[in-house]
Amino acid sequence: MLTLKKNFLKEYGIAVVAYTGTEKDVKQVIKARDEEKRLAVQKLEEYALNREALKGLRSKLKRLADIGKPAAASVASYDAAATSTTPYHPGMMNIAEECQRILLKILIIEDALQIINKGINCEHYSDILIMRHVDGYSMERITEKLGYSSRQAIYNQYNKALAKFAKALGL
């Protein structure tokens, strides 16, 4: 019985993995890779939701800031300023902290998307993933927009991009 071995071959800057071993070993490797891709898709979907949430929170923060702005200068407003009233809504700090937390998650995904575009024939990887999982385009529409000759070509690029994205995130 052969054992599972990884043989890394550097060719054109791409690591190629060859597996030898039992059928069960190979199926475990495939299952692990599928799980990595599923988690990568989940991260992209969370990214899309976080972008929308951040827009909403920023809008809410702006509305609260507008409501809490001090009035035009007058004797009455100077008297009010001398009291212990705060010029802004108390909930603004919580919203600002939530914005920072979401922004950090967004930046991690955007960094990974920048990383996957580096390499030979990788220039459209992040575009494909964004169009598919953030913008909601079909594979046919992505094929048209990026000028690929066939749907199969875009599926191949999509699978490579997803695998590389999962690796960039450390999944």
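The values are calculated or read from the model by the stated rules, or taken from the named source; none is laboratory data. Please read all numbers here as calculations on a predicted model, not as lab measurements. All Cβ positions, even for glycine, are placed from backbone atoms using ideal geometry, and neighbour counts span all protein chains on display. Heads up: the accessible areas ignore ligands, DNA and RNA and are worked out on the full protein's heavy atoms, side chains in. Shrake-Rupley method; radii C 1.70, N 1.55, O 1.52, S 1.80 Å.
Quick look at the numbers
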quantity	calculated
Environment charge of ILE128, counting only residues whose C-beta is closer than 14 Å and scoring Lys/Arg +1, Asp/Glu -1	+2
3J(HN,Hα) from dihedral phi, region 36-45, Karplus parametrisation 6.51/-1.76/1.60, rounded to Hz, x for glycine, proline	4, 5, 4, 5, 5, 4, 4, 5, 5, 5
Heavy atoms of GLU140: accessible area, 1.4 Å probe, square angstrom to 10	80
Region 87-171 - Debye-derived log10 I(q)/I(0), Cα point model, q = 0.11, 0.14, 0.25 Å⁻¹	-0.40, -0.56, -1.19
